[in-house]
Amino acid sequence: MSRTTRRRVARAAAPAAGLLAAGLLVWQGSYAAFSATTTNAADAWSTGSLALQNNGGTTAFAGSTTALFRGTVAGQPENNIKIGSTGTKCITVQSSGSLAGNLKMYASGITGTNVAALAPNLALTVDAVGVTAATNVQSDCSGFPTTGLTSVASNVALSAFPTSYATATTSMPVAAGTARVAYRITWTLNTTGTPGGDNALQNSSAQADLTWEIQ
């Protein structure tokens, strides 16, 4: 083959070789890479719930109940009291949420007549205890346990009683599901300890919302 012929053959073969090389690159790009994947599918989140009721010292539980202490009603033990008067009642709080939590008690919305004088001398002592889900301690405190008690407050003036969850220092652990905590609340009207000071408490009244909160 002459030199001229060889040059013609080379020029004719060059485009075909280029197309073949390009085809190989495409094939390698499309089929030559290995790969693998793994999937953790359908991840999801949902919140639980917290729920509280109290028995108001009776047999029935509700979200809000009638006052346990009824000093504004004539004939009630908390009406027409004097220095040294005292009284005790119990109440049961029930949690029925799907979450466990910490239960606290506080008092808020203190109002009344001459309350600024009365509230500092009206002292509360509160004990709490976890009870079974079937136990319902009512206002007369029958069945209130004698052991395993937690002191929530000891002779704390109504005016100094915690007024929010954040300021309440003592909490009761509550499990998820139906769980109950019984509270025994004792009030005492203390002397002012000053000459003539007790007379300033006459014809006075105090009213507060006793509240339980779980977080």
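The values are calculated or read from the model by the stated rules, or taken from the named source; none is laboratory data. Computed from a predicted model, the values in this text were never measured in an experiment. Methodologically, a virtual Cβ is constructed for each residue, glycine included, from the backbone with ideal geometry; neighbour enumeration extends over all protein chains shown. These accessible areas exclude ligands, DNA and RNA; they are computed on the full protein's heavy atoms, side chains included. Shrake-Rupley method; radii C 1.70, N 1.55, O 1.52, S 1.80 Å.
What is the sum of charges, Lys and Arg at +1 and Asp and Glu at -1, for the other residues whose Cβ falls under 10 Å from the Cβ of SER164? Can you show the working numbers first?
Numbers: positive: LYS104; negative: GLU213.
Spelling it out: positives minus negatives among the neighbours equals 0.
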Whose amide H sits under 5 Å from the amide H of ARG70, counting only residues 5 or more places off or on another chain, with H placed in the peptide plane? GLU78
Using a probe radius of 1.4 Å on heavy atoms only, what accessible surface per residue do you get for the chain? Whole Å² is fine. 60 Å²
Taking only the Cα atoms of segment 118-181, how large is their convex hull per residue, in Å³? 110 Å³
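Helix-only estimate, please: 222 nm mean residue ellipticity of the chain, summing -39500 (n - 2.57) across DSSP H runs of length 4 or more and dividing by its residues, to the nearest 500. Please report the intermediate quantities before stating the final value.
Values: 2 runs with 33 residues, N = 215.
About -5000 deg cm²/dmol.
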tail above 17 Å in the computed P(r) of segment 88-215, as % of all Cα-Cα pairs, reads 60 percent
Hz values of 3J(HN,Hα) by residue in segment 51-68 - Karplus curve (6.51, -1.76, 1.60), Gly and Pro given as x: 8, 10, 9, 9, 8, x, x, 10, 8, 10, 9, 8, x, 9, 10, 5, 3, 6
In sequence order, calculated HN-Hα J values of segment 75-86 (Karplus, 6.51, -1.76, 1.60; Hz; x Gly/Pro): x, 7, x, 8, 9, 6, 7, 9, 4, x, 5, 8
C-alpha long axis of helix 3-31 to longest principal axis of the chain, angle in °: 20 degrees
Looking at the chain, identify the longest residue range that excludes and avoids all trypsin sites (Lys or Arg not before Pro) in DSSP loops having at most 15 other Cβ atoms within 10 Å. 83-215
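Determine the sum of side-chain charges near GLY87: Lys and Arg each +1, Asp and Glu each -1, restricted to other residues whose C-beta is under 14 angstrom from that of GLY87.
Numbers: positive: ARG70, LYS82, LYS89, ARG184; negative: GLU78, ASP140.
With Lys, Arg at +1 and Asp, Glu at -1, the net is +2.
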Taking 8 Å as the Cα distance limit and 6 or more residues as the minimum spacing, I'd like the relative contact order of the chain as a percentage. 28 percent
Most mobile listed residue (VAL73, VAL174, VAL93) in the chain, GNM with C-alpha springs under 10 Å: VAL73
When the label point is put 7 Å from the Cα of THR58 along its Cα-to-beta-carbon vector, which residues of segment 171-215 have a backbone N closer than 19 Å? 183, 209-212
Residue among THR191, THR146, THR178 with the largest mean-square fluctuation in a Gaussian network model of the chain, springs linking Cα atoms under 10 Å: THR146
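Checking a compactness column here: for the chain, what do you get for Rg(Cα) / (2.2 N^0.38 Å), N being the number of residues? All intermediate terms of the calculation are to be shown ahead of the outcome.
Details: Rg = 38.6 Å, N = 215, 2.2 N^0.38 = 16.9 Å.
Against the compact-globule rule of thumb, the ratio is 2.28.
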Could you tell me which residue out of ALA175, GLN94, PHE161 lies farthest along the dipole of the chain toward its positive end? Charges go on the beta carbon: Lys and Arg +1, Asp and Glu -1, centred on the Cα centre. ALA175
